[in-house]
1. Is there a residue being closer than 18 Å to residue 470 by Cβ and modelled with pLDDT of 95 or more anywhere in segment 398-409?
2. Check off (1) touching a helix residue (DSSP H, G or I) at 6+ places or on another chain (Cβ under 8 Å); (2) modelled with pLDDT of 85 or more; (3) farther than 14 Å from residue 149 by Cα for residue 228 and give me the number that stays unchecked.
3. Condition test on residue 293, is it modelled with pLDDT under 95 and within 30 Å of residue 62 (Cα to Cα)?
4. Given (1) in a loop (DSSP other than H, G, I, E, B); (2) modelled with pLDDT of 95 or more; (3) closer than 22 Å to residue 234 by Cα, where does residue 325 come up short, assuming only one miss?
5. Residues of segment 139-162 being part of a loop (DSSP other than H, G, I, E, B), closer than 15 Å to residue 404 by Cα and either touching a helix residue (DSSP H, G or I) at 6+ places or on another chain (Cβ under 7 Å) or at pLDDT 90 or above (or both), which ones?
6. Quick check on segment 28-51: of everything there that is touching a helix residue (DSSP H, G or I) at 6+ places or on another chain (Cβ under 7 Å) and part of a loop (DSSP other than H, G, I, E, B), which residue is nearest to residue 98 (Cα to Cα)?
């Protein structure tokens, strides 16, 4: 049996229905036969999880696969953790039918990431150098196919198009700008038109806002966002074949730690089904390996990055799961590939990022220290970011660039080209598929491009320069300080 199928099937069992201590969620997921109605209870609102729980799902016009249609989503209004009394009516309805269920509280999904124009320009230049972003002129004469990149984060497509930045949505907007700058290297309109923002984190200040986005979310929020993104893409492809990008990338700069002291959550099984659905449709799911908590605690990759060590389902398993892909002349199956592509972060000296989770480094890493993209509207309103959120965005943009040039590549071949053309950072990956150990490679975009068009791009991955990639930024800061008579300098050698 395929390992992923075994993992998914292992997740289908009855869960403890006692409200979990410390679980702030007021939602429960249950599993019913796909042809059966969801159980209802007084005081609870019940919906089909992959039909009604996320407004974006309305744009998926196909009947739901049985494996996804079996999930029911139950929510109870109010604030604070669920009490035993609040849970009792739903528990009675679930017990009467002996249904598997549990709370949606595996964790809160959160973003993973941290004015002088000369400093901004130095940061942008350092970022471009560290990821080996080529000059747009290398794209002259190269035909490109549109690739859809869905950025599942804190912002919706509507807020991404707005001219003002709202704090709740800023993370998703900054991730989009990084992806756009790389994937749309030469500002080709088909590329820009195929990058979409979608809300995977709709929660802020105790409210849900699917229309504009929030600051955090749950595992079920992410699962519905994944399925909605794939479903919308499928529906558009059916309605207008030939005019919709045939390749899809899901960019997830987010994650959460699994609590080893809590029982397995049903939300985990739901998320695994959502990721399998994406993989069976040929999508590349690229995610951040994870940053440490504010107190520095935690080891190993976050979820969903931990699925870097689980293989994606093959064609036979996809059929068994009921996740048939759209008919396409483009191949999906190649070599064995992970269910998700986790991406780690390195600093200006190719060291593991100071805020990376110990034991979480995957084979693919990207420069992600004090990074800033050039805003598409020219408004330098962003703050530098450090974290594996940036790494995932870099990999998503780079994968989109390669696929736009050679859409016939299988998903695993795209990632393999990013890996083999990258710079060896000198450390063995800590999270990977079973097999011989691999060393981690820093993404180098120009050399990756050269594997497809060696006549256009002649370049090699950049080693760390003297002083590190951020050395020019330090010089720009010193110059800016020297030119500002109002700066009060502090003598760090004295204690006052």
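The values are calculated or read from the model by the stated rules, or taken from the named source; none is laboratory data. Remember, it's a predicted structure, so these values are computed and weren't measured experimentally. Because the Cβ atoms are built from the backbone with ideal geometry, glycine has one as well, and the counts that use them run over all protein chains shown.
1. Narrowing segment 398-409 to residues closer than 18 Å to residue 470 by Cβ: none.
No, segment 398-409 contains no residue that is closer than 18 Å to residue 470 by Cβ and modelled with pLDDT of 95 or more.
2. Evaluating residue 228 over (1) touching a helix residue (DSSP H, G or I) at 6+ places or on another chain (Cβ under 8 Å); (2) modelled with pLDDT of 85 or more; (3) farther than 14 Å from residue 149 by Cα leaves (3) as the failure.
3. Details: modelled with pLDDT under 95: yes; within 30 Å of residue 62 (Cα to Cα): no.
Against the criterion (modelled with pLDDT under 95 and within 30 Å of residue 62 (Cα to Cα)), residue 293 does not qualify.
4. Answer for residue 325: the failing condition is (2).
5. First pass over segment 139-162, keeping only residues part of a loop (DSSP other than H, G, I, E, B): 140-147, 154-156, 162.
Now drop any that are not closer than 15 Å to residue 404 by Cα, which leaves 140-147.
Within segment 139-162, 142, 144, 145, 146, 147 qualify.
6. Among those residues, the one meeting the criterion is 39.
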